[in-house]
Ligand SMILES: [Zn+2]
């Protein structure tokens, strides 16, 4: 599929309204810079406070996400990262036990394989 920031922003808006994302007090879609990259090494990224205009940046790589479902699960993964942005230090960048627990919650609720998140 041909990806655009608008598509990802709208997918974000939908996921934002779904439990458990709806309980995590995530930023509004307009507070996030959505970017499409062509990075063969990563599926997506979440970056907090890079010093740019937006406090939050989510990238999705069109080199790795060719289908809608892959975009949705990648975006979900980055949204779990984002759900830790208020925590001290670089908690939002980690894939620790709490991160995995939240991925499991998302997978269970929305029908994704939590191991793919
Ligand atoms: Zn990650």
Q. Which stretch or stretches of the range 68-84 have amide N atoms under 11 Å from the point lying 7 Å from residue 91's Cα along the Cα→Cβ direction?
A. 83-84
Q | Rh by Kirkwood over Cα pairs, then Stokes-Einstein D for the range 5-110 at 0.692 mPa s and 37 °C, µm²/s | A | 237 µm²/s
Q: Among 81, 104, rank each residue by its count of other Cβ atoms within 10 Å, from fewest to most, as a rough exposure measure.
A: 104, 81
Q) Counting other C-beta atoms within 10 Å, which of 86, 64, 102 has the fewest, and how do the rest follow? A) 86, 64, 102
Q) If you rank 54, 21 by fewest surrounding Cβ atoms within 10 Å, what's the result? A) 54, 21
Q | Mean ellipticity per residue at 222 nm, deg cm²/dmol - from DSSP H runs of n ≥ 4 across the chain, formula -39500 (n - 2.57) | A | -11500 deg cm²/dmol
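FYI, it's all coordinate maths here, none of it is from the lab. These numbers were taken from a predicted model, which means no experiment stands behind them. Methodologically, a virtual Cβ is constructed for each residue, glycine included, from the backbone with ideal geometry; neighbour enumeration extends over all protein chains shown.
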